[in-house]
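Peer 1: Sharing a structure with you now.
Just so it is clear, none of the values below were taken in a lab; they were calculated from the coordinates. This one's a predicted model, so the numbers in the text were calculated from it and none came from an experiment. Neighbour counts are summed over all protein chains in view; Cβ atoms, including those assigned to glycine, are modelled from backbone coordinates with ideal geometry.
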Amino acid sequence: MSARSLNWLKFGGLVALAFALGLLFAGLLDLPSRSSAQEQGRAASGIAQVPAPSIPAARPLQDLSEAFAAVAEHVKPSVVYIRSQRTERTAARQRVPPGMERFFPRFRQQPEIEQGSGSGFVISADGFILTNNHVVEGAEEVNVRLLDRREFKARVVGTDPNTDVAVLKIETKGLPPVALGNSDDARVGEWVLAIGNPLGETLTFTVTSGIVSAKGRALEGLPGRGQGSIQDFIQTDAAINPGNSGGPLVSVRGEVIGINSAIASETGFYSGYGFAIPINLARTVMTQLIESGRVHRAALGVAIADVTINDAQYVGLPEIRGVVVKDIPSDDSPAKAAGIEPGDIIVAVEGKPVAYVGQLQQVIGFRKPGEVVKVEVARKGGVRKTFNVKLQPLDDSPQIAAAGDSLGDSEDTPGGTAMNRLGISVEPVSPDAAQELQLSAETRGLIVTAVTPGGPAWDVLFDDPQRGGPDIILSVEGKQVRSEADLRRALQAEKPGNIVSIRVFNPRTQTRRVERIRLGEGQ
């Protein structure tokens with residue numbers, strides 16, 4: 001063997017020895033035998049699956065969650081998305097001489113398409129749908145989209161602005177109708193779901209939850225409501241926004257107890273208070289609309305308001321419940337013919353107690369004109385009387401108060417002496433004031449020129465035109481007043497703390513009303 005071969009042999013031996021020693025040290029140090037990626041995979045696969053915790057106290061919440069999901073799943077196929085459309089022409093503005101429009105096409109008056117959207121729900125398998133009147137009011141075309149994305153042109157069967165209820169019809173069969181519950185049985189505090197299409201196309205078939213916050217609510221200033229407007233809303237804190245109108249308010253039993261109709265908001269969006277039409281009221285209207293296309297209503301022929309604490313104490317009621325007759329606007333009123341007077345408090349109809357305005361409107365409104373009903377009223381001193389009133393058809397036009405009886409010429413009393421017991425200042429109706437307020441020759445009394453803030457008449461009588469004033473006092477405790485002296489004499493026998501009945505005329509609204517005021521200290 002050559003020296004060169006021997007050297008290579010020695011070098012190979014050294015390499016083999018180094019490799020063997022390396023393996024030995026690796027074993028002693030327990031170095032990883034896998035790549036880092038392999039090791040990470042092994043570590044990840046080693047994480048144990050944690051079982052769901054068993055929390056007995058949370059079981060009711062789990063059951064409620066399951067109930068919400070089940071109700072939503074059951075009702076959603078019955079909810080519909082409604083799109084309405086009408087054409088409006090803008091008010092003509094003469095930008096070019098008549099007959100020259102064809103030479104200036106950009107100035108031609110073009111029709112504007114106004115579109116709206118809302119919600120509704122199926123009430124029969126053959127295509128009847130319940131929604132709000134304001135969702136389809138004035139629409140020339142109405143389209144309905146189902147949860148499965150099918151779309152139909154809808155026919156408006158009938159509408160009722162005074163309850164904000166409308167019925168539509170689409171031509172199809174086999175639809176899943178909702179179950180209509182009993183809104184009278186709904187309790188404040190019970191859970192409800194609101195289902196609808198808030199804010200248009202992007203949020204269709206949205207479900208929100210809340211509770212019944214209150215019942216028997218009335219909302220002032222709702223647009224489109226006439227003289228016979230019935231307001232008996234269910235209040236809820238389930239989130240309701242524009243587009244939810246017409247959708248169902250559903251109980252946890254899966255029954256519709258109301259039609260979502262309005263929100264109380266300074267911004268136009270949900271701020272915690274939504275309002276639904278009770279389904280019992282809507283069902284009555286719905287039935288008439290389907291049968292005849294319109295709603296027939298009866299009326300007592302009176303202007304009414306909810307009872308105040310002064311009203312209740314004035315007639316000796318143990319509870320602040322009932323409806324006060326503020327005025328009888330027409331001489332041919334059936335209530336007047338029967339013997340009911342302004343200031344009477346209606347406490348029962350046909351022996352059933354009446355608690356508030358919305359309830360009386362429903363008890364009377366859906367009876368037949370010509371029907372005779374027994375109306376029980378309370379009067380001063382605890383007097384109770386029952387009258388048989390023959391109901392008249394409801395006249396939905398604004399009611400104008402009849403002119404009062406002639407009170408003769410007013411006595412000229414300078415200035416407006418403060419009537420401390422009422423907390424007001426007054427002055428007689430002068431010829432100039434009568435002309436300015438456009439009063440008839442027969443309307444005379446005392447103009448309220450000032451009301452003491454926080455006084456007995458504060459928020460009852462009004463002097464400020466910004467708040468609907470000035471009021472004119474016509475009589476106190478049935479005694480006509482045309483001067484400050486008359487008013488003093490009318491109050492002479494009354495003690496501080498007594499409640500007096502005052503007849504008032506408001507020139508701005510052309511209405512009369514009865515107000516009850518607890519007298520303060522003073523002369």
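Peer 1: Placing unit charges on C-beta atoms (Lys and Arg positive, Asp and Glu negative, everything else neutral), compute the dipole magnitude of segment 299-393 about its Cα centre in debye, rounded to 20.
Peer 2: Dipole magnitude for segment 299-393 comes out near 240 debye.
Peer 1: Provide the descending list of Cα extents for segment 418-518 along its principal axes, expressed in whole angstroms.
Peer 2: Principal extents (largest minus smallest coordinate, Cα): 36, 26, 22 Å.
Peer 1: Here's a follow-up. For residue 124 and residue 383, calculate 0.36 nm times their separation in residues minus their Cα-Cα distance, and state this gained length in nm to one decimal.
Peer 2: Stretched out fully, the residue 124 to residue 383 stretch lengthens by 88.3 nm.
Peer 1: Continuing with the same structure: When the Karplus curve 6.51 cos²θ - 1.76 cosθ + 1.60 is applied with θ = phi - 60°, which whole-Hz ³J(HN,Hα) does each residue of segment 246-256 get, with x for Gly and Pro?
Peer 2: Once θ is set to phi - 60°, the couplings for segment 246-256 become x, x, x, 9, 10, 7, 6, 8, x, 9, 6 Hz.
Peer 1: Let me ask something additional. Just to check, using Stokes-Einstein with a Kirkwood Rh over alpha carbon pairs, what's the diffusion coefficient of segment 319-360 at 20 °C and 1.002 mPa s in µm²/s?
Peer 2: Taking Rh from Cα pairs, D becomes 195 µm²/s.
Peer 1: Evaluate E = 1/(1 + (r/R0)^6) for residue 265 and residue 294, where r is the Cβ-Cβ distance and R0 equals 41 Å; express this FRET efficiency to the nearest 0.05.
Peer 2: Step by step, r from the Cβ atoms, then E = 0.80.
Peer 1: Now, a different point. Starting with the fewest neighbours, write out 385, 352 ranked by other beta-carbon atoms found within 10 Å of each beta-carbon.
Peer 2: Fewest-to-most ranking of 385, 352: 352, 385.
Peer 1: 5 Å is the cut-off here: which amide hydrogens, built 1.01 Å from N in the peptide plane, fall below it relative to residue 211, excluding neighbours closer than 5 in sequence?
Peer 2: When sequence neighbours closer than 5 places are left aside, the close amide H contacts are 192, 237, 238.
Peer 1: Still on this structure, please answer the following. Assuming R0 = 45 Å, what is the FRET efficiency of residue 459 and residue 66, from their Cβ-Cβ distance, to the nearest 0.05?
Peer 2: Efficiency computed from Cβ-Cβ geometry: 0.35.
Peer 1: Which of rounded, prolate or oblate describes segment 146-248 when judged by the alpha-carbon gyration tensor and an a/c cut-off of 1.5?
Peer 2: Oblate, since a/c reaches 1.5 and b/c is not below a/b.
Peer 1: Another one. Just to confirm a number: summing +1 for Lys and Arg and -1 for Asp and Glu over residues other than residue 182 whose beta-carbon lies under 13 angstrom from that of residue 182, what do you get?
Peer 2: 0
Peer 1: Okay, moving on. What list of ³J(HN,Hα) couplings, whole Hz, do you get for segment 482-489 from phi and the Karplus terms 6.51, -1.76, 1.60, once you set θ to phi - 60° and write x for glycine and proline?
Peer 2: 10, 8, 4, 5, 4, 5, 5, 5
Peer 1: Provide the net charge surrounding residue 289, with neighbours chosen by a C-beta distance below 15 Å and charges set as Lys +1, Arg +1, Asp -1, Glu -1.
Peer 2: Around residue 289, the charge tally is +1.
Peer 1: Take the Cα atoms of segment 236-373, find their three principal axes, and give me the spread along each one in whole Å, biggest first.
Peer 2: Ordered largest first, segment 236-373 gives principal extents of 46, 40, 30 Å.
Peer 1: Of 83, 321, how do they rank once you tally other Cβ atoms within 10 Å and put the fewest first?
Peer 2: So the ranking, lowest neighbour count to highest, is 321, 83.
Peer 1: Oh, and also: Averaging sequence separations of C-alpha pairs under 8 Å and six or more residues apart, then dividing by the length of segment 418-518, give the relative contact order as a whole percent.
Peer 2: Relative contact order here is 25 percent.
Peer 1: Find how much the distance from residue 171 to residue 371 grows on full extension, using 0.36 nm per residue of separation minus their present alpha carbon separation; answer in nm with one decimal.
Peer 2: Answer, rounded to one decimal: 68.2 nm.
Peer 1: While we're here: Residue-wise, which Karplus ³J(HN,Hα) couplings in Hz belong to segment 58-71, taking 6.51 cos²θ - 1.76 cosθ + 1.60, θ = phi - 60°, and x for glycine or proline?
Peer 2: 8, 4, x, 5, 5, 5, 5, 4, 4, 5, 4, 4, 5, 5
Peer 1: Assign one of three labels to segment 299-393, namely rounded, prolate or oblate, based on the Cα gyration tensor with a ≥ b ≥ c the square roots of its eigenvalues; rounded applies when a/c is under 1.5, prolate when it is not and a/b is larger than b/c, and oblate otherwise.
Peer 2: It comes out prolate by the Cα gyration axes.
Peer 1: Cross-link list 380/479; 215/368; 380/495; 215/374; 76/215: which exceed 18 angstrom alpha carbon to alpha carbon?
Peer 2: Beyond 18 Å: 215/368; 215/374; 76/215.
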